[in-house]
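Here the structure is laid out as structure tokens; the discussion comes afterwards.
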Amino acid sequence: MIDLHGNIVKQFTLNEIVNEYKGQEYSTDYHKLLNDKEQDRDAARRNWKKIENIKDLKEGYLSQVVHIIGKMMVEYKAIVVLESLNTGFINSRGKFEKQVYQKFENALITKLCYLADKNKGNSDDGSILKAYQFAGHPDKYQCGFIFYIPAWNTSKIDPVTGFCNYINTKYESVEKSRELFSKFDDIRFNKEKNYYEFVIKDYSLFNKKAEDTHKEWTLCTYGTRIETFRNPDKNNEWDNREVNLTDCFDTLFKSAKISRTDNIKSAIIAQNEKEFFKELLKLLALLLQLRNSITGSEEDYILSPVADENGVFYDSRKYQNDDAVLPKDADANGAYNIARKGLWAVRQLQQTEDLKKCNLAINNAEWLRFVQQKPYLK
């Protein structure tokens with residue numbers, strides 16, 4: 001939840017639901033319950049045993065989530081912002097037991113069409129006789145107090161600077177690799193900071209989609225990234241490892257006889273080995289990788305390659321307190337930016353005299369300008 005200036009008011013997970021009974025708080029980890037149920041059902045399928053119904057558990061969970069959201073809407077006079085997920089995406093997720101997108105949306109709309117608190121008196125607003133109606137018939141962008149926004153670039157974006165990756169790091173040929181690295185204005189080693197810097201003066205040279213957005217960026221090999229790879233020592237299954245970017249670039253450059261004090265950009269363009277550029281592009285991809293996750297663990301964080309105006313790199317692991325001013329993990333970052341797209345919609349409504357003519361469709365460039373320039377802070 002954010003305020004009208006884009007500040008985080010609350011952030012918490014709904015994987016666990018906390019209820020109060022007779023003055024005592026009880027927490028139920030529905031993420032674990034659903035995960036365990038899925039594993040049990042999968043084992044039952046393999047062993048030809050009776051498959052236990054998971055429907056009631058899902059519906060019980062969703063009813064509690066919808067109740068929490070409705071309560072927050074009343075308390076904070078808030079709107080709800082949801083990603084407008086296309087039908088193909090939703091259907092593709094249908095094979096997973098935790099697929100609850102469509103059911104959640106339907107349950108939320110149904111609840112908000114008649115939102116009542118049975119503990120209120122009959123004459124009170126929000127009581128059974130004077131229920132709130134926060135939702136109605138949905139259209140493309142709005143359903144009462146529910147607003148729909150495009151899903152593009154809400155999780156893999158720096159919440160501080162608004163940087164997102166527009167660089168294609170797929171290897172095609174030596175010549176095209178040289179062409180790519182020639183677009184950087186400078187590639188250098190910052191001795192004071194102990195990391196490499198890839199300087200960009202015009203981001204649109206890498207991708208025309210970056211036109212009309214912030215052009216100047218300095219990408220730094222600050223910190224570590226989690227690399228996902230096929231591990232030959234584990235039957236070629238997917239595995240993860242943490243890599244120090246600066247060390248990896250050092251190793252690669254040393255193998256090509258490129259030192260930290262060289263004109264690194266010129267030295268790179270002078271290379272003609274396919275394997276050098278394949279490894280260099282792999283490292284560049286890791287440098288641009290904002291979201292870092294370890295399969296089967298709770299490790300899922302955002303680390304930006306771009307420093308803010310104070311020289312600080314956003315790292316979600318630094319924001320774990322209840323009063324954190326920035327997203328505390330990758331999922332929270334996605335929710336935060338979904339909320340900020342909703343804030344953009346609110347700004348459009350505030351600035352439009354004739355609401356019938358208000359356009360709530362936001363394109364990608366407009367979204368990036370909004371988070372990079374932060375007009376809502378003014």
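Overview of values
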item	result
So Phe229, is it of a type in the set (Phe, Trp, Tyr), open to solvent by less than 70 Å² (accessible area, probe 1.4 Å) and within 22 Å of Ile200 (Cβ to Cβ)	no
Conditions (1) open to solvent by less than 50 Å² (accessible area, probe 1.4 Å); (2) in contact with an Asp or Glu (Cβ under 9 Å, 6 or more places away or on another chain); (3) at pLDDT 95 or above: number failed by Gln289	(1)
First in segment 10-27 and in contact (Cβ under 8 Å) with a residue 12 or more places away in the chain and on the phi < 0 side of the Ramachandran plot, second anywhere and open to solvent by less than 70 Å² (accessible area, probe 1.4 Å) and among the polar types (S, T, N, Q), Cβ under 6 Å, 6 or more apart	Ile17/Thr28; Ile17/Gln64
Residue count, segment 297-312 (criterion: over 25 Å from Lys10 (Cβ atoms) and touching a residue at least 40 places away in the same chain (Cβ under 8 Å))	3
All strands (runs of 3 or more DSSP E) inside segment 274-353 with 3 or more residues being in contact with a helix residue (DSSP H, G or I) (Cβ under 6 Å, 6 or more places away or on another chain)	300-307
Where a residue in segment 67-82 is closer than 18 Å to Tyr101 by Cα and its partner, wherever it lies, is open to solvent by 60 Å² or more (accessible area, probe 1.4 Å), with Cβ under 6 Å and at least six apart	Gly70/Lys111
Candidate set from segment 241-265 (those that are polar (S, T, N, Q) and within 30 Å of the chain's Cα centre (by Cα)); member that is least open to solvent (accessible area, probe 1.4 Å)	Thr246
Positions within segment 193-219 being open to solvent by less than 70 Å² (accessible area, probe 1.4 Å) and either free of Cβ contacts under 8 Å to residues at least 12 places away in the same chain or under 21 Å from the mean Cα position of the chain (by Cα) (or both), in sequence order	Ser204, Ala210, Thr213, Trp217, Leu219
Residues that are under 25 Å from Cys164 (Cα atoms), part of a loop (DSSP other than H, G, I, E, B) and among the hydrophobic types (A, V, I, L, M, F, W, C), drawn from segment 354-368	Leu360, Ala361, Ile362
Residues (closer than 30 Å to Asn310 by Cβ and β-branched (Val, Ile, Thr)) located in segment 116-168	Ile149, Thr154, Ile157, Val160, Thr161, Ile167
Single residue of segment 127-178 satisfying the filter (in a loop (DSSP other than H, G, I, E, B) and acidic (Asp, Glu)) that is surrounded by the fewest Cβ atoms within 10 Å (Cβ to Cβ)	Asp139
Residue satisfying all of: in segment 90-115; in a loop (DSSP other than H, G, I, E, B), of a type outside the set (S, T, N, Q) and surrounded by 12 or more Cβ atoms within 10 Å (Cβ to Cβ); modelled with the lowest pLDDT among these	Glu97
Residue in segment 317-325 that is within 28 Å of Thr218 (Cβ to Cβ), surrounded by 18 or more Cβ atoms within 10 Å (Cβ to Cβ) and in contact (Cβ under 8 Å) with a residue 40 or more places away in the chain present	no
Selected residue [open to solvent by 50 Å² or more (accessible area, probe 1.4 Å), without any contact (Cβ under 8 Å) to a residue 12 or more places away in the chain and more than 20 Å from Asp300 (Cβ to Cβ)] from Leu355, Leu377	Leu355
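The values are calculated or read from the model by the stated rules, or taken from the named source; none is laboratory data. A quick note: this is a predicted structure, and the numbers were derived from the prediction, not measured. Positions of Cβ are backbone-derived with ideal geometry, glycine not excepted, and every protein chain shown enters the neighbour counts. Surface areas here come from the heavy atoms of the whole protein model, side chains and all, with no ligands, DNA or RNA. Shrake-Rupley method; radii C 1.70, N 1.55, O 1.52, S 1.80 Å.
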